[in-house]
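A short worksheet on the structure shown next.
The values are calculated or read from the model by the stated rules, or taken from the named source; none is laboratory data. Quick caveat, the model's predicted, so the values are computed rather than measured. Cβ sites come from the backbone with ideal geometry, for glycine too, and all protein chains shown count toward neighbours. With ligands, DNA and RNA removed, areas are computed over all heavy atoms of the protein, side chains included. Shrake-Rupley method; radii C 1.70, N 1.55, O 1.52, S 1.80 Å.
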Amino acid sequence: MATHKSAIKRNKQNLKQNERNRTARSEMRSAIKDVRDAVASGKKEELQKKLQTAQKIIATTASKGVIAATTGARYISRLASLVGKTVSKTK
């Protein structure tokens, strides 16, 4: 356990940031899951809206440094590809 004043402060900051990161990561994963569920159910009306929402959340998460920028880009790319295949397949 930390005994120096600066180390105690750093531990408090780490706990707060850890909680923020956990919340952001959870929100991102939920958004991705929503898009995948919409693809599975075949609801084309909801797909575009959910994809846009997920892209925004993923980009925000990446810009805050919770996930790496390349990881965020990969998630967005794969979701967009999945939605694109689904929309073109059902036309």
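Checked against (1) open to solvent by less than 90 Å² (accessible area, probe 1.4 Å); (2) within 25 Å of residue 88 (Cα to Cα), residue 23 meets all criteria but (2). Is it the case that residue 27 is charged (D, E, K, R) and out of contact with any Asp or Glu (no Cβ under 9 Å at 6 or more places or on another chain)? Yes; evaluated as a whole, the condition is true for this residue.
When residues of the stretch 54-79 are filtered for being among the hydrophobic types (A, V, I, L, M, F, W, C), in a helix (DSSP H, G or I) and open to solvent by less than 40 Å² (accessible area, probe 1.4 Å), how many remain? Adding up the residues that qualify gives 5.
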